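A.B. asks: Below is the structure I would like to discuss, written out as structure tokens.
Taken together, the values in this text are just the output of simple stated rules run on the coordinates, not laboratory data. No experiment lies behind these values; they were computed from the predicted model shown. Cβ coordinates were reconstructed from backbone atoms using ideal geometry, including for glycine residues, and neighbour counts include every protein chain displayed.
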């Protein structure tokens, strides 16, 4: 569990994801949060998305979101298919005509800062009484959710963009009940 910025973030369940989504006060924070969940991407890369990477034309999302190599930890470009739910969320968002999808309110030439998003998310977690969660809870939660739905680890790797299965496995939470159920199979 995440404690004072140490350890791994608690993974969000799908139900917790929607609770936090509703608790976020601004539309752009909600969209950042949704993009992190539905793309399994790191928030730092989501904050650096441009309008052209997500939208074909005003309020018309692309079929895939292009997450450029320069914004990602592994320096590999990812193209992530847009799910029906994410498409609905994207269609409702009023985005800037060009440039950053999430421009800084202080300087439109810059994207929204990680700390601004982190503060909004921390506030929502606090309102809901969630502890041990962080900006990575969406990534860990969506990956864990896919695993619990029975997707193969190779499929999850392809979706999440992890180069290494070892790195990917750190994101998948295994509950005590799941361990007991596994042992019962022996």
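A.B. asks: For every helix of n ≥ 4 consecutive DSSP H residues, a contribution of -39,500 (n - 2.57) applies; sum these over the chain, divide by its total residues, and give [θ] at 222 nm rounded to the nearest 500 deg cm²/dmol. Working shown, then result.
C.D. replies: Values: 10 runs with 90 residues, N = 186.
Helix-only estimate at 222 nm: -13500 deg cm²/dmol.
A.B. asks: Picking from 67, 94, 32, which is most flexible by a Gaussian network model of the chain using Cα springs under 10 Å?
C.D. replies: Highest fluctuation among the options: 94.
A.B. asks: Take the alpha carbon atoms of the stretch 103-139, find their center, do the same for the stretch 25-68, and report the distance between the two centers in whole angstrom.
C.D. replies: Taking the Cα centre of each part, the stretch 103-139 and the stretch 25-68 sit 15 Å apart.
A.B. asks: May I ask for the equivalent-ellipsoid semi-axes of the chain, computed as the square root of five times each C-alpha gyration tensor eigenvalue and listed largest first in whole Å?
C.D. replies: Values: eigenvalues 158, 75, 45 Å².
Sorted largest first and rounded, they come to 28, 19, 15 Å.
A.B. asks: In nm, to one decimal, how far is the modelled label at residue 76 from the one at residue 108, with both set 7 Å along Cα→Cβ?
C.D. replies: With each label point 7 Å from Cα toward Cβ, the separation is 3.7 nm.
A.B. asks: Where does each of 116-122, 70-76 land if you order them by average Cβ count within 10 Å, highest first? Intermediate values should be presented prior to the final figure.
C.D. replies: Details: 116-122: 17.9, 70-76: 12.9.
Output ranking for 116-122, 70-76: 116-122, 70-76.
A.B. asks: Hey, another quick one. If the chain between residue 181 and residue 126 were fully stretched, how many nm would it gain, using 0.36 nm times the residue separation less the Cα-Cα distance? The partial results should precede the final answer.
C.D. replies: Details: separation 55, 0.36 × 55 = 19.80 nm, distance 3.28 nm.
Result for the pair: 16.5 nm of gain on full extension.
A.B. asks: Provide the FRET efficiency to the nearest 0.05 for the residue 60-residue 15 pair, computing r from the beta carbons and using R0 = 45 Å.
C.D. replies: Working: r = 30 Å, r/R0 = 0.67.
Efficiency, rounded to the nearest 0.05: 0.90.
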